[in-house]
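See below for the structure under consideration.
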Amino acid sequence: MPILVVEDDVSLRTALQRVLAASGFDVAVAEDGDEALSLCEATNERP
């Protein structure tokens, strides 16, 4: 199951992505809620 990180601070978003990916998670990232919803709709995943 993928993890969706939604964070507007690019440094924090990148750090979270790296830590989670290094722990073996499939990570998707979005800058804001609109982008997160678009990603969910495109992949048919629910947050």
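Values quoted throughout were computed directly from the atomic coordinates according to the rules given, and no laboratory measurement underlies them. This structure is a prediction, so every number in the text was calculated from the model and none was measured. Here Cβ is always computed from backbone atoms with ideal geometry, including for glycine, and neighbour counts include all displayed protein chains.
Assorted remarks:
- Rg/Rg_globular for the chain, with Rg_globular taken as 2.2 N^0.38 Å and Rg from C-alpha atoms: 1.09
- Report summary: the helix-based calculation at 222 nm, which adds -39500 (n - 2.57) for every DSSP H run with n ≥ 4 and divides by the residues of the chain, gives -16000 deg cm²/dmol.
- Distance (nanometres) between label positions extended 7 Å along Cα→Cβ at residue 10 and residue 43: 2.2
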